[in-house]
Amino acid sequence: MTACSNPFAANSSSYCVIAAPFGRLGILTELVEGSLMLSKIDYLPASKALIAPKNALAKEVERQCKEYFKDPTWQFDLPIKPAGTEHQKKVWASIQDIPAGRTKTYGEVAKKIKSGPRAVGTACGANPYPLIAPCHRVVSAQGIGGFMKENSPGLYRQIKLWLLKHEGAL
């Protein structure tokens, strides 16, 4: 598909900030080899100013996120920019197999992909596509665990709790 025939390619790359029940989501889309792809989702505080999506893909990401916020079993179908090491890709693919409303421990994910729990946690912390590769569904054997490299009761931890409650896992 050429950039001209790709309906998402209009208006090229952009960053927008959309409302979420727990704060805001930053969405970065960019052209990758002539195709517009989702390249990052950021969890942001509610104080972050909204920025309207400016291209068709960003608008589609917003629409699908809203669907997920209404129905936690929603399945995302978005073109995502290839990212991560081979190990990270294995972790993120494994996490996508965890259904909404369920969790797995870092150790369970590690055992499945023949890795270590800390390496799984590190890959989760580097995930550029939270919600799509739902690292919030990976928890510690002793409790909720950290989230996005944060172990204290801050923004990311509150988002993880919200997402798990939304999906019925807590």
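The values are calculated or read from the model by the stated rules, or taken from the named source; none is laboratory data. All figures in this text were calculated on a predicted structure; none of them were measured in a lab. Heads up, the Cβs are rebuilt from the backbone with ideal geometry, glycines too, and the neighbour counts pull from every protein chain shown.
Quick one: is GLU67 touching a residue at least 12 places away in the same chain (Cβ under 8 Å) and surrounded by fewer than 19 Cβ atoms within 10 Å (Cβ to Cβ)? Walk me through how you get there before you give the answer.
Values: touching a residue at least 12 places away in the same chain (Cβ under 8 Å): no; surrounded by fewer than 19 Cβ atoms within 10 Å (Cβ to Cβ): yes.
The answer is no for GLU67.
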Go through (1) farther than 18 Å from TYR156 by Cβ; (2) not in a strand (DSSP E or B) and name the single condition ILE95 misses.
(1)
Taking interchain pairs and intrachain pairs at least six residues apart, which have beta carbon atoms under 8 angstrom, with the first residue in the stretch 46-61 and farther than 12 Å from GLU30 by Cβ and the second assigned to a helix (DSSP H, G or I)?
PRO53/LYS59; PRO53/VAL61; PRO53/GLU62; ALA56/PRO7; ALA56/PHE8; GLU60/PHE8
So SER115 fits all but one of (1) out of contact with any His (no Cβ under 9 Å at 6 or more places or on another chain); (2) of a type outside the set (A, V, I, L, M); (3) over 19 Å from LYS165 (Cβ atoms); what number is the exception?
(1)
I'm trying to understand the selection: among the residues of the stretch 104-127, which are of a type in the set (Lys, Arg) and either within 13 Å of THR85 (Cα to Cα) or at pLDDT below 95 (or both)?
ARG118
With the condition kept exactly as written, say whether any residue in the stretch 12-26 is of a type outside the set (Phe, Trp, Tyr), outside any helix (DSSP H, G or I), under 13 Å from the mean Cα position of the chain (by Cα) and under 30 Å from LYS114 (Cα atoms).
no
Can LYS48 be described as assigned to a loop (DSSP other than H, G, I, E, B), farther than 28 Å from GLY168 by Cα, over 14 Å from the mean Cα position of the chain (by Cα) and basic (Lys, Arg)?
no
Looking only at the stretch 33-63, count every residue that is crowded, with 17+ Cβ neighbours inside 10 Å and of a type in the set (S, T, N, Q) and tell me the total.
2
Since ILE159 meets every condition but one in (1) touching a Lys or Arg at 6+ places or on another chain (Cβ under 7 Å); (2) assigned to a helix (DSSP H, G or I); (3) within 22 Å of LEU25 (Cα to Cα), which condition does it not meet?
(1)
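Among the residues in the stretch 118-127, are any assigned to a loop (DSSP other than H, G, I, E, B), outside the structural domain of SER35 (by TED's automatic domain parsing), farther than 24 Å from GLU30 by Cα and in contact (Cβ under 8 Å) with a residue 12 or more places away in the chain?
Within the stretch 118-127, the subset assigned to a loop (DSSP other than H, G, I, E, B) is 126-127.
Checking which are outside the structural domain of SER35 (by TED's automatic domain parsing) leaves us with 126-127.
Add one more test, that the residue is farther than 24 Å from GLU30 by Cα, and what stays is none.
No, the stretch 118-127 has no match at all.
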Within the stretch 62-73, does at least one residue satisfy the condition of being within 14 Å of TYR129 (Cα to Cα), at pLDDT 95 or above and touching an Asp or Glu at 6+ places or on another chain (Cβ under 9 Å)?
yes
For the stretch 84-106, which residues satisfy the criterion of being over 18 Å from ILE144 (Cβ atoms) and basic (Lys, Arg)?
LYS89, LYS90
Could you go through the stretch 76-90 and let me know if any residue there is on the phi > 0 side of the Ramachandran plot and outside any strand (DSSP E or B).
yes
